[in-house]
Amino acid sequence: MAPLRNANASRSVGARANTRRWYALRYLRTCRYPVTIPEVGEYVAPRVGLGTESAENALRTRDVPALGACGAIEYDRESGLVCLDGRLSFADRVRRAIAADALTHLRPPRLTRNQDGVFY
């Protein structure tokens, strides 16, 4: 049996980067307008156990460019805005990121339900 393509994705994407990227994608999925990296960092930081500045720096220098390069998100470096446009489904965006080794399907963070019963 031939090995699966991207079978070693968990080795190419570190566990911390993978978790930050999953949370960034989930946050962007809920946004109806482009947001700044600091806004994404405020959402991601407490979920990954980092300070806001550390999360923002990791997102700005590594995570957002990686997700933008593979077409999983829309990223404008000049303005610093990120978003998901309506052209692709969320699942297709995740598939693009996995195929480009920018994300791994192994151990995505668990979804949490808020007080209104909405998963985030």
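The values are calculated or read from the model by the stated rules, or taken from the named source; none is laboratory data. Just so it is clear, the structure is predicted and the values come from calculations on it, not from any experiment. Using ideal geometry, Cβ is built from the backbone for each residue, glycine included, and neighbour counts are taken over all protein chains shown.
How about segment 27-58: which of its residues are out of contact with any Leu (no Cβ under 8 Å at 6 or more places or on another chain) and within 19 Å of Ile98 (Cβ to Cβ)?
Tyr27
What about Ala102, is it modelled with pLDDT of 95 or more, in contact with a helix residue (DSSP H, G or I) (Cβ under 9 Å, 6 or more places away or on another chain) and of a type outside the set (Phe, Trp, Tyr)?
Values: modelled with pLDDT of 95 or more: no; in contact with a helix residue (DSSP H, G or I) (Cβ under 9 Å, 6 or more places away or on another chain): yes; of a type outside the set (Phe, Trp, Tyr): yes.
So Ala102 does not fit the description; no.
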**Study point:** Where Thr61 falls short, out of the listed (1) modelled with pLDDT of 95 or more; (2) closer than 15 Å to Tyr75 by Cβ; (3) surrounded by fewer than 20 Cβ atoms within 10 Å (Cβ to Cβ); (4) touching a helix residue (DSSP H, G or I) at 6+ places or on another chain (Cβ under 9 Å)
**Key:** (4)
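Across segment 73-101, what is the number of residues that are loosely packed, with under 14 Cβ neighbours inside 10 Å, farther than 13 Å from Leu28 by Cβ and over 14 Å from the mean Cα position of the chain (by Cα)?
Adding up the residues that qualify gives 6.
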Exercise for review: Would you be able to say whether some residue in segment 16-32 is surrounded by fewer than 17 Cβ atoms within 10 Å (Cβ to Cβ), in contact with a Lys or Arg (Cβ under 8 Å, 6 or more places away or on another chain) and modelled with pLDDT of 85 or more?
Suggested key: no
Point to revise | Complete set of residues in segment 65-107 that are touching a strand residue (DSSP E or B) at 6+ places or on another chain (Cβ under 9 Å) and within 11 Å of Trp22 (Cα to Cα) | key: Leu67
